[in-house]
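Take a look at the structure set out below.
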Amino acid sequence: MTTTAPNHKNTIDAFLRLDRMPHIWCQGCGIGPAVSCFIRAIQRAELDADKIALISGIGCSGRAAGYVRLDSFHTTHGRALPFATGLKLGNPELNVVVFSGDGDIVAIGGNHLIHSARRNIDMTVICINNLNYGMTGGQVGPTTPLDARTSTTRYGNYEHPFNVPYIVAASGASYVARWTVLHARQLERSIAEAMTKPGFSFIEVMAPCPTLYGRMNKQGKGMDTMHVYQERSVVRNGADPKDVAIEPDSPIIVGKFVDIDRPTFWDRYTKMVEKANKG
Amino acid sequence: MSEDGKLTGTFFMNGDTACAEGAIAAGCRFFAGYPITPATEVAERMSERLPHVGGVYIQMEDEIASMAAVLGASWAGKKAMTSTSGPGFSLMMENLGLGVMLETPCVLVNIQRAGPSTGLPTLSGQGDMMQARWGSHGSYEIIALAPSSPQEIFDLTIEAFNLSEKYRVPVLIMSDESVGHMSEKVVVNEIPRGHLVKRRRPAKKPGEYLPYEADSSLVPPMAVAGEGYRFHVTGLTHDEKGYPVMTAEAQDKLVRRLVDKIRLNRKDIVRYEEIGIEDAEVVVCAYGITSRIARMAVQQARDSGIKAGLLRLITVWPFAEDRIRELADRVKAFVVPEINYGQIVFEVERCAAGKAKSILVPHMGGSVHLPQTIVKAIEEAVR
């Protein structure tokens, strides 16, 4: 059922569009490792890759769709989720994955995020959170911590950030987790779990942005941020999402926060169709 | 209605409902929309009908999402549609551009009301005609149809799906509140075999297929998700593989093809109806609800001895420029009534190129022209 290449030297390569390398991501960026985890998750779950569709919006993370050898869609800024909704409902056999960034999914696409979770559309969202807008040069975003410096908050961020897992859980998602790219094994397992679970699954992935956020906040190289993840991360599966906000200098709570069974949009829709056709 | 949900017969139906029925008849099996006056009845009818024909109706959180979902469904292989009016049409412009760039067949219905902004939500307008042509950023061509009756909105919705599948472009139905909300006789016949255009599918195998490799038709065959092609598509400027290429050369090649596939095929696409054109000295050029009043005005002018004719635009985009040029060589003037303060008249003027006068008969919206207003303009044109 799977189309992986078992004898390949590096099995991930079979899933990459090698003719598109080198990619655009900076040295030390966390998006690449998250893509690797996504690919290994497909292999781990032995999913039929021909039936997976990958949708991205705009931004650094939005480039992921272009590098992974799946049916892939690089859409408009913020609109990956509604595009993915149409794709999934157009062909419910597809395993639909949205891979994009925090600015794309949580800011400009924020309304689509809560409504997709509310409907419990059967899809997996991998949301890379690098705490700023990378592609455009490191501006403040809806996840930027208070007081952090960005190219549009030179004197420190004065806006409260979102606690993303909390909103998504409150909106009705079936599965909510957060990992950092340092937690490669857990992230891989989590993506595999999300992709095989019916309903709306959301995984926030903390990822370093050494070129912009890291530099402006004196965090050093990508590896230094990985050390911060190592020091500050606390695995707390089952934590109440309202308690997992990312605050300056506080622990980064990671783990699986929500894993519930709730009828999906499609479950409810097909029931309605039966009813309509009986009447 | 038959067991499989097919509807045939003669009905008394409003334009919005007829539009939905046209979509069902055309094989549309996905609708995403957001309620807005005066287009809501299209969505309501689709929500009622689609469950009976194996289709999906979803009410999205806004019109941005509606248009995005329609594109997604089309890439899953479904014929997909949305409907809206002015404010929602503005929101759809973003993903209309994506639809053009990804070459996604779909239909977008605009039951126009009077603007700008919230304007007159329940009353007629034709103020979005230029937005239909230029509303999304960048250079592109679009197809837009302007039905003038419930029967025609039914027929043209089928036509819209055919054109969108053939040319891989979103097709707009630019109707108006008057047509959307008027009820008239609508005859729904069984669609003749072979009438519905099937999407051109890739002849090449996965690995060999290039998503944007086009032959002389300029329209590439289209794979959809889940078939094993593992294709990539992007709103970025791209090459035949679908890969982004950030050069002026790639941009030139792509944009030329996107525009030319419509522009060079306009003889196949452009549709209009003519009445009393043969000996006409003055031609009234009108579309949508206004064309019906124009027809009365032309008849009245004829009755009073003026050689007037009607050119009723059925496709508004691409524009019937070849026909206007021909007519401009032999008529005195074009009279252009429209429910806006001048949009299509500028196209007429451009094509007439000074050889014939172009006279706007504007209406700011909220109702329709009186026939005598148009008659007066015809009289002045021949004076």
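What FRET efficiency do you get for B:K267 and A:E159 if R0 is 51 Å and r is their Cβ-Cβ distance, rounded to the nearest 0.05? Please list the in-between numbers first.
Numbers: r = 56 Å, r/R0 = 1.10.
Once the sixth-power term is evaluated, E becomes 0.35.
Could you sort out which of B:K166/B:K204; B:K307/B:K357; B:K241/B:K261; A:K218/A:K242; A:K197/A:K256 sit more than 22 Å apart by Cα distance in this structure? Don't jump to the answer; show the numbers that get you there.
On the way: B:K166/B:K204 19 Å; B:K307/B:K357 16 Å; B:K241/B:K261 18 Å; A:K218/A:K242 29 Å; A:K197/A:K256 13 Å.
Pairs exceeding 22 Å: A:K218/A:K242.
Check the straight Cα-Cα distances from A:K275 and name the aspartates and glutamates below 14 Å, setting aside those fewer than 8 residues away within the same chain.
Filter leaves A:D267, B:E48.
Which residue, chosen from B:P362, B:V282, B:V336, occupies the Cα position most advanced towards the positive end of the dipole of segment B:272-382, where the dipole is computed from +1 (Lys, Arg) and -1 (Asp, Glu) charges on Cβ about the Cα centre?
Selected residue: B:P362.
Translational diffusion coefficient of segment A:209-279 at 20 °C, 1.002 mPa s, Stokes-Einstein with Kirkwood Rh over Cα pairs, in µm²/s as a whole number.
Taking Rh from Cα pairs, D becomes 135 µm²/s.
Kirkwood Rh over Cα pairs of segment A:77-234 into Stokes-Einstein at 25 °C, 0.890 mPa s: D in µm²/s? Spell out each step's value before the answer.
Values: Rh = 16.0 Å.
Estimated via Stokes-Einstein, D reaches 153 µm²/s.
With no solvent and one equal point scatterer per Cα, compute the Debye intensity ratio I(q)/I(0) for the protein assembly as shown at 0.09, 0.12 Å⁻¹ and report its log10, rounded to two decimals.
Debye curve over Cα of the protein assembly as shown, log10 I(q)/I(0) at q = 0.09, 0.12 Å⁻¹: -0.78, -1.20.
Among DSSP beta bridges lying fully in the protein assembly as shown, give the percent that are antiparallel, nearest 5. Before the final figure, lay out each step's value.
Working: 22 of 89 bridges.
Expressed as a percentage, antiparallel bridges in the protein assembly as shown total about 25.
Give the separation of the Cα centroids, segment B:46-62 to segment B:101-140, in Å.
Measuring centre to centre over Cα atoms gives 22 Å.
Would you please give the FRET efficiency between A:D224 and A:D13, computed as 1/(1 + (r/R0)^6) with r the Cβ-Cβ distance and R0 = 25 Å, to the nearest 0.05?
Numbers: r = 29 Å, r/R0 = 1.15.
The value I calculate is 0.30.
From a point 7 Å beyond the Cα of A:K197 in the direction of its Cβ, which residues of segment A:101-130 have a backbone N at a distance under 16 Å?
A:117-127, by backbone N distance to the label point.
Between segment A:99-161 and segment B:232-307, what is the C-alpha centre distance in whole Å?
If you average the Cα positions of each part, the centres end up 41 Å apart.
Charges only on Cβ, +1 for Lys and Arg, -1 for Asp and Glu: so what's the dipole of segment A:159-244 about the Cα centre, in debye to the nearest 20? Before the final figure, lay out each step's value.
Details: 10 positive and 8 negative charges, 36 e Å.
It comes to approximately 180 debye.
Give the percent of DSSP beta bridges with both residues in chain A that are antiparallel, rounded to the nearest 5.
Values: 7 of 36 bridges.
Restricted to chain A, the bridges split so that about 20 percent are antiparallel.
Where does the Debye-calculated log10 I(q)/I(0) of chain B sit at q = 0.06, 0.13 Å⁻¹, using only Cα point scatterers of equal weight, no solvent?
After summing over all Cα pairs, the log10 values are -0.23, -1.04.
Can you list the lysines whose alpha carbon is less than 18 Å from that of A:K278, not counting same-chain residues fewer than 8 positions off?
B:K6
Using R₀ = 22 Å, calculate the FRET efficiency as 1/(1 + (r/R₀)^6) where r is the Cβ-Cβ separation of B:K198 and A:N277; round to 0.05.
0.20
In square nanometres and to one decimal, what's the mean projected area of the convex hull around the Cα atoms of segment A:11-278? Write down the numbers at each step before the final one.
Values: hull surface 54.2 nm².
Over every viewing direction, the Cα hull of segment A:11-278 projects on average to 13.6 nm².
Normalised by the residues of segment B:272-382, what does the relative contact order come to in percent, with Cα pairs under 8 Å and at least six apart?
Details: 219 pairs, mean separation 35.3, N = 111.
Answer for segment B:272-382 is 32 percent.
Express in % the proportion of alpha carbon pairs of segment A:9-157 at distances exceeding 22 Å. Each step should come with its number before you reach the end.
Values: 4491 of 11026 pairs.
Counting every Cα pair in segment A:9-157, those more than 22 Å apart make up 41 percent.
Pop a pseudo-label 7 angstrom from the Cα along the beta-carbon direction at both B:D260 and B:W134 and give the gap in nm to one decimal.
2.4 nm
For segment B:66-216, what size does the Cα cloud have along each of its three principal axes, sorted from largest down, in whole Å?
Ordered largest first, segment B:66-216 gives principal extents of 53, 39, 26 Å.
Find the relative contact order for chain B and round it to a whole percent, using C-alpha pairs within less than 8 Å whose residues are 6+ positions apart.
Details: 881 pairs, mean separation 61.1, N = 383.
Result for chain B is 16 percent.
Just want to confirm a number: the relative contact order over segment A:1-102, from Cα pairs under 8 angstrom separated by 6+ residues, in percent.
Values: 151 pairs, mean separation 28.9, N = 102.
With pairs under 8 Å counted, the relative contact order is 28 percent.
Taken together, the values in this text are just the output of simple stated rules run on the coordinates, not laboratory data. Because the structure is predicted, anything quoted here is derived from the model rather than measured. With ideal geometry, Cβ positions are generated from the backbone for all residues, glycine too; neighbour counts draw on all protein chains shown.
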